[in-house]
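Taking it in order: structure first as structure tokens, then the write-up.
The values are calculated or read from the model by the stated rules, or taken from the named source; none is laboratory data. Worth saying up front: this structure is predicted, and the values here are computed from it rather than measured. FYI the Cβ positions are ideal-geometry reconstructions off the backbone, even for glycines, and counts take in every protein chain you see. Only protein heavy atoms, including side chains, enter the accessible area calculation; ligands, DNA and RNA are left aside. Shrake-Rupley method; radii C 1.70, N 1.55, O 1.52, S 1.80 Å.
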Amino acid sequence: MLRSRDAFPNRMRAVDLIREKRDSGEHSREEINFLISGYTSGTIPDYQMAAWLMAVWIRGFSRAETAALTEAMLHSGEVMDFSSLPGRKVDKHSTGGVGDKTSLILAPIVAAGGLNVPMISGRGLGHTGGTLDKLEAIPGFNTNLSLEDFRRVLGECGMALIGQTAEIAPADKKIYALRDATSTVENIGLICASIMSKKLAEGLDALVLDVKTGSGAFMKREEDSVRLAEEMVETGKRMGKRMVALITGMDEPLGRAAGHANEVRECIEVLKGGEPEDVRELSIELSAWMFYLGQKSRSVDEGRALAEEMIASGKALEKFRECVRLQGGDQRVIDEPALLPKASYREVVGSSVSGFIAGTNCEHFGVALAMLGGGRETKEDRIDHAVGLEFYKRIGDRVEKNEPLATIHYNSGTKLNEATLLISESFVIQDEKVTDVKPLIRRILGP
């Protein structure tokens, strides 16, 4: 006769928890801790964890289960303790898109304003760029610091940007690889736990989330972006962190540049007080919320003013220069962007018709970059940091036939024709001007 797992409180088994979730049950914190510790240590095999992940993907997770999973993955490795450093610790996380480069701008702004920004970032895959890859376009910049060096750089300049180390949330790293192989990535609870376990390992006081929505975002529909944002905000608050999420548009690239060296150049321009305006606007808004949650300003408006001051005074630019130097990069790029990688060839993509830009298939711009070597189609791919795109038209703009829409910067022409066609077809052009252009910042959740 079969007996329930409740009859054996000290003999918890993975198979019972797989069955429980398969049958729409809700796990306790202890059960989730058992699964995560068992899988991390190797006592629960891949095939059982894969079955459990598929059951979660099909049946879903409650908010309490998501928080418990986040905490279990967080404590599977080292949680940084920066309590000895003066000032609060605040970070930003973006769900990613094309031309999404604000980390390189807001981290110097916020550090210059007196907060600590310990940023553990990721690499790009598919159509989305990664902060680490952008930074590595700067000659010599080292994103593979040890935790000891990470702490040292943070202590010296108030900001440090590295990749996930073996000590940080090892359960997430192991589980994510399995999710990728078993088509269980697209689950809001699992996405939330993956993101938040890594971010909370930074020893943060507060976290600002930039959740993208639109054709170039991971979440195409705004309602899905809102659900993910709500889940992450609630999970962070359950763990005692100050949280806010901004739902921002990714129906077209952010800024005028995509591709790693191109985006670094654009970030330097914004830090010098220049444009593009949308990059500047979003960077300042995210910085303002970081200042507010980090209790450096009494309001978000005051935070905006402080962010503007850090740019206007040159303090943010100098903070970026300091970080580049401390992480081994060539700080001369701040004054001489020509030292960044530069592609050998350019190809202009012209419009096939006259009309108004009504929208873009933004994801395809990132796919085209990856095809030309400027991104990864698989995790093993090497990146050409010089590959990039320049955009000349925004949604709502008028364009004439044969007028340039974009310029491709490339070194290898193997897939140039395919990429050019993909970029050209990604612009939606119609006779009438669109009148309902959506704002860059759609909603703010959780303050």
What are the residues in the stretch 349-377 that are among the aliphatic types (A, V, I, L, M) and in contact (Cβ under 8 Å) with a residue 60 or more places away in the chain, if any?
Val349, Val353, Ile357, Ala358, Val367, Leu369, Ala370
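Looking at the stretch 75-86, can you tell me whether even one residue there is of a type in the set (A, V, I, L, M), crowded, with 24+ Cβ neighbours inside 10 Å and within 22 Å of the chain's Cα centre (by Cα)? Before the answer, list the steps.
Applying the first criterion (of a type in the set (A, V, I, L, M)) to the stretch 75-86 yields 79-80, 85.
Subsequent filtering for residues that are crowded, with 24+ Cβ neighbours inside 10 Å retains none.
Within the stretch 75-86, not a single residue is of a type in the set (A, V, I, L, M), crowded, with 24+ Cβ neighbours inside 10 Å and within 22 Å of the chain's Cα centre (by Cα).
Out of the stretch 411-447, which residues are under 30 Å from Leu286 (Cα atoms) and either over 28 Å from the mean Cα position of the chain (by Cα) or assigned to a loop (DSSP other than H, G, I, E, B) (or both)? Quick ask: steps written out before the conclusion?
Pass one, the stretch 411-447, residues under 30 Å from Leu286 (Cα atoms): 423, 426-428, 434-447.
Across the stretch 411-447, the qualifying residues are Ser426, Val434, Thr435, Asp436, Val437, Lys438, Pro439, Leu440, Gly446, Pro447.
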Residue tally, condition open to solvent by 30 Å² or more (accessible area, probe 1.4 Å) and either within 19 Å of Asp251 (Cα to Cα) or under 23 Å from the mean Cα position of the chain (by Cα) (or both), over the stretch 342-357
1
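Select, from Leu389, Leu422, Leu416, Leu445, the only residue that is surrounded by 13 or more Cβ atoms within 10 Å (Cβ to Cβ) and within 24 Å of Cys267 (Cβ to Cβ). Before the answer, list the steps.
Values: Leu422 fails: within 24 Å of Cys267 (Cβ to Cβ); Leu416 fails: within 24 Å of Cys267 (Cβ to Cβ); Leu445 fails: within 24 Å of Cys267 (Cβ to Cβ).
Leu389 is the lone residue from the list that is surrounded by 13 or more Cβ atoms within 10 Å (Cβ to Cβ) and within 24 Å of Cys267 (Cβ to Cβ).
Scan the helices (runs of 4 or more DSSP H) fully inside the stretch 127-184 and keep the ones with 2 or more residues being open to solvent by 40 Å² or more (accessible area, probe 1.4 Å) and either within 27 Å of Gly97 (Cβ to Cβ) or of a type in the set (Gly, Ala, Ser) (or both). Lay out the reasoning, then the answer.
Working: elements: 131-135, 147-157, 170-181.
It comes to 170-181.
Could you run through the stretch 258-281 and say how many residues are outside any helix (DSSP H, G or I) and either in contact with a His (Cβ under 8 Å, 6 or more places away or on another chain) or open to solvent by 10 Å² or more (accessible area, probe 1.4 Å) (or both)?
The number of residues fulfilling the criteria is 6.
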So which residues in the stretch 31-50 are touching a residue at least 12 places away in the same chain (Cβ under 8 Å), more than 13 Å from Ala171 (Cβ to Cβ) and open to solvent by 40 Å² or more (accessible area, probe 1.4 Å), if there are any at all?
Asp46, Gln48
Any idea which of (1) modelled with pLDDT of 95 or more; (2) within 27 Å of Ala160 (Cα to Cα) is the one Arg382 doesn't satisfy?
(1)
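In the set Ala107, Ala72, Ala64, Ala68, which member is surrounded by fewer than 19 Cβ atoms within 10 Å (Cβ to Cβ) and either under 12 Å from the mean Cα position of the chain (by Cα) or part of a helix (DSSP H, G or I) (or both)? If you could, list the steps in order and put the result at the bottom.
Details: Ala107 fails: surrounded by fewer than 19 Cβ atoms within 10 Å (Cβ to Cβ); Ala72 fails: surrounded by fewer than 19 Cβ atoms within 10 Å (Cβ to Cβ); Ala68 fails: surrounded by fewer than 19 Cβ atoms within 10 Å (Cβ to Cβ).
After applying the criteria, what remains is Ala64.
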Answer yes or no: is there a residue in the stretch 113-124 that is closer than 20 Å to Gly374 by Cβ, open to solvent by 10 Å² or more (accessible area, probe 1.4 Å) and not small (Gly, Ala, Ser).
yes
Name the one entry in Ala160, Ala171, Ala177 that is of a type in the set (Gly, Ala, Ser) and free of Cβ contacts under 8 Å to residues at least 12 places away in the same chain.
Ala177
Any residue in the stretch 288-311 that's outside any helix (DSSP H, G or I): show its pairings with residues that are among the hydroxyl-bearing types (Ser, Thr, Tyr) and open to solvent by 40 Å² or more (accessible area, probe 1.4 Å) at Cβ separation under 9 Å, as long as the two are six or more apart or on different chains.
Arg298/Tyr292; Ser299/Tyr292
